[in-house]
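Participant: The structure follows.
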Amino acid sequence: MRIYNTLTRRKEEFVPLEEGKVRMYSCGPTVYDYFHIGNARTFLFSDVIRRYLEYKGYEVTLVQNITDIDDKIIQRANELGLDALRLSKEYSEAYLMDAGKLGIRPANIQPRATEHIREIIQLIQQLESKGVAYTVNGDVFYDVNQFPEYGKLSGRTREDVRSGERVAIDERKRDPRDFALWKSAKPGEPKWDSPWGEGRPGWHIECSAMAMTHLGKTLDIHAGGGDLEFPHHENEIAQSEVATGETFARYWIHVAFLRINGTKMGKSDRNFIYIRDALKQHRPEAIRYFLLSAHYRTPLDYNTDRLADAASAVRRLQNCRDTLARLGGEGEIIPEEFSDVDRKLYDRMRLAQQEFEQVMDDDFNTAAALGVLATFRAQINTYLAENESRLHESTPLLVSIEKTMQQMAGVLGIFEEDKNQSTSTTPDIV
RNA sequence: GGCGACGUCGCCAAGCGGUAAGGCCGAGGUCUGCAAAACCUCUAUCGCCGGUUCGACUCCGGCCGUCGCCUCCA
């Protein structure tokens, strides 16, 4: 299996640290609002990676954080006149609910920043003891120039960052790339006691702390949206690797943006569509199909017509599955006793499975995988049409076929309408 | 200004050195009481210009266009 690693800008053979096990961290939401389809692309893709790794037989531990204390949350809470932590609690619950409706399986561990303040403080203290942190009036900053490898993920040099500055420099920083590990509390803000006075964690430190608390010093896979590559992930590396002296994450995966009307769908651009609104109009499998219909490193343009296309494609796949379920019989398949037509279908099933794995092994090519499923569906339907007359008898082959389809579609999560909510989606048409 | 991505059939989208998967839509047909569903058939030479090669959509160079990161953002 090969994965494109942002760190090396190449596809690399995937070999987990510990055989048969994968430690994976996926950057979750900062909960100051509902999440939108663009966010969903990343969350969904992490879910698909996890499912595929499990399909391949790995034991996966997926950790996805919820950042529930942060500048944005405080800002939003102030705007609404609400308590910041209460706001983030509500939105984190909304996140879990919406993600569930989309068919995203909950991570094995879903840590929250506010529940890891102790670990965060310890990590900052470690950084202090290594001489890479400095304090200015209750704020603690990370000194990037103490970490020679700073910039190795994003390829940004000091000059790059300087030349691009469009924001006033914080004069207290020694280097414009330095970033806050701990922020002193302003009146009315949520705060925790610390060696530096009352305050709260900076944005990047909580991911390092939570990842290492639950997965150890070195992760196999770290995934997230492309906009996190710099500075967020770069900073995570800097913090973690200086603290432990070891590689923080071995494979970095970044998901390309979802666009809308040709530009990036983003919160700050105010051009997003909440997933909960999308779910009012489209079935979850259709949204998943749409989001997986392009390779994850290719930008994808949101368009409601594309969602409708996806819905048609999903429906045909599900029709085929339903027919198989209806016709399937009892018993074990005995390939040696197959008739020629059955043999042919059986061989096609094996081939489809082989191709599915081949394209998914190649950096999770979900778009190609959907193509494999479609081709297989057509072959099954042809078989069913040509053998209609004798399909009344028990046909264990069809059970096997259905199971195989179910497995592949299950990795992509496009056959799950039964488990979730088939009830609430479609209004009755009389 | 620095760094990077993308440009393949009407729309979406794989492929990436040996002459283009798949989806959606459309057309014709089979089936059907009608319809739906299903099935069959049909629709591309890959932004432009050069180069490398026996051979390029696939490699190299230039150009055009679109987008992104460099600042909060999945």
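Participant: Could you say which residue among A:300, A:317, A:351 is modelled with pLDDT of 90 or more and more than 29 Å from residue A:102 (Cα to Cα)?
Facilitator: After ruling out the rest, the residue left standing is A:351.
Participant: Pull out all pairs, ordered by first then second residue, where Cβ-Cβ is under 6 Å, the residues are six or more apart or on different chains, the first lies in region A:280-296 and is within 21 Å of residue A:371 (Cβ to Cβ) and charged (D, E, K, R), and the second is within 13 Å of RNA strand B (Cβ to nearest atom) and in a helix (DSSP H, G or I).
Facilitator: Note: pairs meeting the criteria are A:285/A:314.
Participant: If we scan region A:130-144, do we find a residue that is of a type in the set (Ser, Thr, Tyr), within 14 Å of RNA strand B (Cβ to nearest atom), modelled with pLDDT of 85 or more and buried (at least 16 other Cβ atoms within 10 Å of the Cβ)?
Facilitator: Yes, there is a match, as at least one residue in region A:130-144 is of a type in the set (Ser, Thr, Tyr), within 14 Å of RNA strand B (Cβ to nearest atom), modelled with pLDDT of 85 or more and buried (at least 16 other Cβ atoms within 10 Å of the Cβ).
Participant: Read through the list (1) farther than 19 Å from residue A:21 by Cα; (2) in contact with a Pro (Cβ under 7 Å, 6 or more places away or on another chain), then give the number of the only condition that residue A:80 fails.
Facilitator: (2)
Participant: All but one of (1) more than 16 Å from RNA strand B (Cβ to nearest atom); (2) loosely packed, with under 14 Cβ neighbours inside 10 Å hold for residue A:343; state the number of the condition that does not hold.
Facilitator: (2)
Participant: Tell me, which strands (runs of 3 or more DSSP E) lie completely within region A:1-95 with 1 or more residues that are among the hydrophobic types (A, V, I, L, M, F, W, C)?
Facilitator: Here the list reads A:2-5, A:21-26, A:59-64.
Yes or no, residue by residue, for (1) touching a Cys at 6+ places or on another chain (Cβ under 9 Å); (2) farther than 18 Å from residue A:248 by Cα:
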position: A:10; (1), (2): no, yes
position: A:27; (1), (2): yes, no
position: A:46; (1), (2): yes, yes
position: A:59; (1), (2): no, yes
position: A:76; (1), (2): no, yes
position: A:83; (1), (2): no, yes
position: A:87; (1), (2): no, yes
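Participant: Give region A:226-273 a look and list any residue that's closer than 17 Å to residue A:216 by Cβ and surrounded by fewer than 21 Cβ atoms within 10 Å (Cβ to Cβ), or say none.
Facilitator: A:241, A:244, A:245, A:246, A:247, A:250
Participant: Starting from residues that are farther than 18 Å from residue A:361 by Cα, β-branched (Val, Ile, Thr) and surrounded by 21 or more Cβ atoms within 10 Å (Cβ to Cβ), keep the ones in region A:5-38 and report whichever is farthest from the chain's Cα centre (by Cα).
Facilitator: A:31
Participant: Does residue A:195 meet the test of being assigned to a loop (DSSP other than H, G, I, E, B), modelled with pLDDT of 95 or more, more than 11 Å from RNA strand B (Cβ to nearest atom) and not polar (S, T, N, Q)?
Facilitator: yes
Results for (1) near RNA strand B (Cβ under 6 Å from one of its atoms); (2) assigned to a loop (DSSP other than H, G, I, E, B); (3) over 27 Å from residue A:4 (Cβ atoms), shown as yes or no for each residue.
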site: A:267; (1), (2), (3): yes, yes, no
site: A:276; (1), (2), (3): no, no, yes
site: A:280; (1), (2), (3): no, no, yes
site: A:285; (1), (2), (3): no, no, no
site: A:313; (1), (2), (3): yes, no, no
site: A:317; (1), (2), (3): no, no, yes
site: A:322; (1), (2), (3): no, no, yes
site: A:325; (1), (2), (3): no, no, yes
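Participant: While we're looking at this one, here's another question. Would you mind telling me which numbered condition in (1) under 34 Å from the mean Cα position of the chain (by Cα); (2) within 7 Å of RNA strand B (Cβ to nearest atom) residue A:385 fails?
Facilitator: Among (1) under 34 Å from the mean Cα position of the chain (by Cα); (2) within 7 Å of RNA strand B (Cβ to nearest atom), residue A:385 violates only (1).
Participant: Turning to a different aspect of this structure: If I filter region A:180-201 down to residues being surrounded by fewer than 16 Cβ atoms within 10 Å (Cβ to Cβ) and out of contact with any Gly (no Cβ under 7 Å at 6 or more places or on another chain), which single residue comes out as farthest from residue A:134 (Cα to Cα)?
Facilitator: So the first thing to find is which residues in region A:180-201 are surrounded by fewer than 16 Cβ atoms within 10 Å (Cβ to Cβ), and the list is A:186-188, A:193, A:195, A:197-198.
Now restrict to residues that are out of contact with any Gly (no Cβ under 7 Å at 6 or more places or on another chain): A:186-188, A:193, A:195, A:198.
Details: A:186: 20, A:187: 23, A:188: 25, A:193: 18, A:195: 13, A:198: 16 Å.
If we take residues in region A:180-201 being surrounded by fewer than 16 Cβ atoms within 10 Å (Cβ to Cβ) and out of contact with any Gly (no Cβ under 7 Å at 6 or more places or on another chain), then A:188 is farthest from residue A:134 (Cα to Cα).
Participant: Next question, about the same structure. What's the number of the condition residue A:99 fails, among (1) closer than 21 Å to residue A:221 by Cβ; (2) in contact (Cβ under 8 Å) with a residue 24 or more places away in the chain; (3) surrounded by fewer than 22 Cβ atoms within 10 Å (Cβ to Cβ)?
Facilitator: Of (1) closer than 21 Å to residue A:221 by Cβ; (2) in contact (Cβ under 8 Å) with a residue 24 or more places away in the chain; (3) surrounded by fewer than 22 Cβ atoms within 10 Å (Cβ to Cβ), only one is false for residue A:99: (3).
Participant: Then there's this: Could you figure out which of (1) assigned to a loop (DSSP other than H, G, I, E, B); (2) at pLDDT below 90 isn't true of residue A:162?
Facilitator: Tallying (1) assigned to a loop (DSSP other than H, G, I, E, B); (2) at pLDDT below 90, residue A:162 fails exactly one: (1).
Participant: Evaluate the following for residue A:243: is it more than 16 Å from RNA strand B (Cβ to nearest atom), at pLDDT 95 or above and out of contact with any Lys or Arg (no Cβ under 6 Å at 6 or more places or on another chain)?
Facilitator: Yes: the conditions hold for residue A:243.
Participant: Being within 15 Å of the chain's Cα centre (by Cα) and hydroxyl-bearing (Ser, Thr, Tyr) narrows it down to one residue among A:274, A:296; which is it?
Facilitator: None of the other options fit; the residue is A:296.
Participant: Within region A:346-366, which residues are touching a helix residue (DSSP H, G or I) at 6+ places or on another chain (Cβ under 7 Å) and either near RNA strand B (Cβ under 8 Å from one of its atoms) or in a helix (DSSP H, G or I) (or both)?
Facilitator: In the first step, residues of region A:346-366 are kept if they are touching a helix residue (DSSP H, G or I) at 6+ places or on another chain (Cβ under 7 Å); the result is A:346, A:348-349, A:352-353, A:355-356, A:359-360, A:364-366.
A:346, A:348, A:349, A:352, A:353, A:355, A:356, A:359, A:360, A:365, A:366, listed by residue number.
Participant: Kindly indicate which of A:117, A:124, A:69 is within 16 Å of RNA strand B (Cβ to nearest atom) and either under 20 Å from residue A:194 (Cβ atoms) or outside the structural domain of residue A:43 (by TED's automatic domain parsing) (or both).
Facilitator: The match here is A:69.
Participant: Next question, about the same structure. With the requirement that a residue be in a loop (DSSP other than H, G, I, E, B) and either within 17 Å of the chain's Cα centre (by Cα) or not assigned by TED's automatic domain parsing to the domain that holds residue A:124 (or both), what does region A:206-264 give you?
Facilitator: A:256, A:257
Participant: Ok, one more. Scanning for something over 26 Å from residue A:226 (Cα atoms), of a type in the set (A, V, I, L, M, F, W, C) and at pLDDT 90 or above, does region A:321-344 turn up at least one residue?
Facilitator: The answer is no; no qualifying residue exists.
The values are calculated or read from the model by the stated rules, or taken from the named source; none is laboratory data. Quick caveat: nothing in here was measured; it's all calculated off a predicted structure. Methodologically, a virtual Cβ is constructed for each residue, glycine included, from the backbone with ideal geometry; neighbour enumeration extends over all protein chains shown.
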